[in-house]
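Below: one structure, written as structure tokens.
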Amino acid sequence: MQTLIFNGSPRTDGNTSAIIKSILKDLKGEYQILNAYACDISACTDCRYCWQNEGCSIKDGMQAVYDYIQTCDNIVIASPIYFSELTGKLLDVGSRLQTYYCAEKFRKEKLIQKPKKGAVILVGGGDGNMKKAYETACVLMKHMNCTDIYNPLFYHKTNYCDVTDDADIKAEIKNITDFLNG
């Protein structure tokens, strides 16, 4: 089993990373973590190359991600919430999934044949809402052929407490891991 984890957090020791580390303790198979703030992946430039060609005109770290998306069984999107949305760097990476949308819309091709399971983990504080970020994550999942997405894990208390202190979140993490392993 293979799992691709998109980590949208700029903090390597923050709450989002803590949840990812907890998932990895019991996750079966191999995994790759794409750290949006540390990767060599540019945002889509809307050059429209993918309207008529497979892939992307930008040659960077996303090429390996495209390959892994083809073969993996699970996709996890984990992100802090900034102004009720996924982080900007994660959205930059996500914009490069435009090639899958264009394949279906303009070229009438389905590039990813293998269906996947998915999970969305959203972490935040403040006065925002997680609904928009979840909807965005689900659109990204759809374009990677995630046909079964687990209930989202929303943790919206980071202004008051650390995620590692929350027993309910620990139970949810176990449920997500069991779902991905199943």
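Restricting attention to region 132-171, the residues being of a type in the set (D, E, K, R) and at pLDDT below 95 number 6. Selection within region 62-82: residues that are touching a helix residue (DSSP H, G or I) at 6+ places or on another chain (Cβ under 9 Å) and in a loop (DSSP other than H, G, I, E, B). The member of this set that is farthest from L97 (Cα to Cα) is I81. Taking (1) more than 30 Å from A18 (Cβ to Cβ); (2) in contact with a strand residue (DSSP E or B) (Cβ under 9 Å, 6 or more places away or on another chain) in turn, Q113 satisfies each apart from (2).
For I121, the test of being under 13 Å from the mean Cα position of the chain (by Cα) and not charged (D, E, K, R) is passed. On the given criteria, is A43 in contact with a strand residue (DSSP E or B) (Cβ under 8 Å, 6 or more places away or on another chain), small (G, A, S) and under 30 Å from R107 (Cα atoms)? Here the answer is no, as A43 does not meet what is asked. Scan T164, T158 and give me the residue that is assigned to a helix (DSSP H, G or I), of a type in the set (S, T, N, Q) and over 19 Å from the mean Cα position of the chain (by Cα). One residue alone meets the criteria, T164. In region 89-103, is there at least one residue being of a type in the set (G, A, S), closer than 30 Å to G126 by Cα, in contact with a helix residue (DSSP H, G or I) (Cβ under 8 Å, 6 or more places away or on another chain) and surrounded by fewer than 19 Cβ atoms within 10 Å (Cβ to Cβ)? The answer is no, given that none of the residues of region 89-103 is of a type in the set (G, A, S), closer than 30 Å to G126 by Cα, in contact with a helix residue (DSSP H, G or I) (Cβ under 8 Å, 6 or more places away or on another chain) and surrounded by fewer than 19 Cβ atoms within 10 Å (Cβ to Cβ). Filtering region 1-59 to residues that are farther than 17 Å from G94 by Cβ, outside any loop (DSSP other than H, G, I, E, B), touching a Phe, Trp or Tyr at 6+ places or on another chain (Cβ under 8 Å) and of a type outside the set (V, I, T) leaves Q2, N15, L24, W51. Restricting the first member to region 128-153 and to residues that are under 24 Å from A171 (Cβ atoms), and the second to residues that are surrounded by 18 or more Cβ atoms within 10 Å (Cβ to Cβ) and polar (S, T, N, Q), the beta-carbon pairs closer than 7 Å and six or more apart or on different chains are A133/S79.
Scanning region 94-112 for residues that are more than 15 Å from C56 (Cβ to Cβ) and either β-branched (V, I, T) or modelled with pLDDT under 95 (or both) yields a single hit, K110.
Candidates in region 168-182 are the residues that are exposed (fewer than 15 other Cβ atoms within 10 Å of the Cβ) and charged (D, E, K, R); of these, the one that is nearest to K28 (Cα to Cα) is D178.
How many residues, within region 1-54, are buried (at least 19 other Cβ atoms within 10 Å of the Cβ) and in contact with a Pro (Cβ under 6 Å, 6 or more places away or on another chain)? The number of residues fulfilling the criteria is 2.
The values are calculated or read from the model by the stated rules, or taken from the named source; none is laboratory data. Bear in mind the structure is a predicted one, so any value in this text is a computation, not a measurement. Please note: Cβ atoms are built from the backbone with ideal geometry, for glycine as well, and neighbour counts cover all protein chains shown.
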